[in-house]
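A quick write-up on the structure given underneath.
The values are calculated or read from the model by the stated rules, or taken from the named source; none is laboratory data. All of these numbers come straight from a predicted model, not from anything done at the bench. Positions of Cβ are generated from backbone atoms using ideal geometry, with glycine treated the same way; all protein chains shown enter the neighbour counts. Protein only, heavy atoms only, side chains kept; ligands, DNA and RNA dropped before computing areas. Shrake-Rupley method; radii C 1.70, N 1.55, O 1.52, S 1.80 Å.
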Amino acid sequence: MTADDVTYLPEAPAHDLEIEAINEEAFGPGRFVRAAHKIRERGPHERALSFVAVHDGAVIASVRMTRVAAGEGRALMLGPLAVKPAYKNIGIGRRLVKIALEAAEAWGAPAVMLVGDEPYYGPLGFKRIPRGQISMPRPVDLGRLLAVEIQPGAVAALTGMVDHEDQMKVVA
Ligand SMILES: CC(C)(COP(=O)(O)OP(=O)(O)OC[C@H]1O[C@@H](n2cnc3c(N)ncnc32)[C@H](O)[C@@H]1OP(=O)(O)O)[C@@H](O)C(=O)NCCC(=O)NCCS
């Protein structure tokens, strides 16, 4: 197969079980204690901004996006991103990130952030968030906190603890 045989679709509830299996294979049980997971379990992800790659009717890769807030800043958090091992290294991961970034921009997201490897995400436009500017609910390597700024000043507006945006709305 080639990358041309892959279809990219917005995520639907029918994809949930296959996505869970892909993430389990990619990250193992450790995924439940990751800093980003702690945020994701505090509210829903945005299905319309999350995407799957499909080949022969099966989901082979997934990227999810979740609304987050930190201080006055708002962003989408990208992840998990995972590709089935048999389909790695043919550009599916990069394509999913690009599709998710385009959708985020069209939706009006100020920024997209994530916890991930700079060598992978750097060429896709992600830059390090200055050390100490934001913190996560679990320890992370600060060099792995990356963001793409869509609206000027949006990354600088992200300060302090990152949480699901819905949790910020609860306080009043
Ligand atoms: C990381 C992952 C999503 C990449 O998806 P993919 O479809 O295989 O990647 P692509 O085909 O788009 O890109 C492949 C390139 O990225 C590189 N790459 C893959 N993972 C990388 C990483 N962690 N850091 C740096 N480069 C990486 C490959 O070496 C390859 O380089 P090349 O183009 O110079 O040959 C996939 O390997 C995966 O699911 N890994 C397990 C889960 C994971 O680590 N997710 C990311 C969490 S932040």
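Scanning the range 56-88 for residues that are within 12 Å of the ligand (Cβ to nearest atom) and in contact with a Ser or Thr (Cβ under 9 Å, 6 or more places away or on another chain) yields S62, V63, R64, M77, L78, G79, P80, L81, A82, V83.
Could you list, in sequence order, the residues of the range 27-55 that are among the charged types (D, E, K, R) and free of Cβ contacts under 8 Å to residues at least 12 places away in the same chain? E41 - this is the single residue of the range 27-55 that is among the charged types (D, E, K, R) and free of Cβ contacts under 8 Å to residues at least 12 places away in the same chain.
Every residue, every condition in (1) under 11 Å from the mean Cα position of the chain (by Cα); (2) open to solvent by less than 70 Å² (accessible area, probe 1.4 Å); (3) closer than 23 Å to E11 by Cβ; (4) free of Cβ contacts under 8 Å to residues at least 12 places away in the same chain, yes or no:
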position	(1), (2), (3), (4)
M77	yes, yes, yes, no
L81	yes, yes, yes, no
R94	no, no, yes, no
K98	no, no, yes, no
A111	no, yes, yes, no
I129	no, yes, no, no
P139	no, no, no, no
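Inspect the range 37-52 for any residue being open to solvent by less than 70 Å² (accessible area, probe 1.4 Å), assigned to a strand (DSSP E or B) and touching a helix residue (DSSP H, G or I) at 6+ places or on another chain (Cβ under 7 Å) and give the result as yes or no. Yes, the range 37-52 has at least one match. When the range 89-121 is filtered for residues that are farther than 13 Å from L78 by Cα, within 9 Å of the ligand (Cβ to nearest atom) and either in contact with a Leu (Cβ under 8 Å, 6 or more places away or on another chain) or of a type outside the set (G, A, S) (or both), the ones remaining, listed by number, are N89, I90, I92, R95, E118, P119, Y120. Note on the range 59-75: residues that are open to solvent by less than 30 Å² (accessible area, probe 1.4 Å) and more than 17 Å from A103 (Cβ to Cβ) amount to 5.
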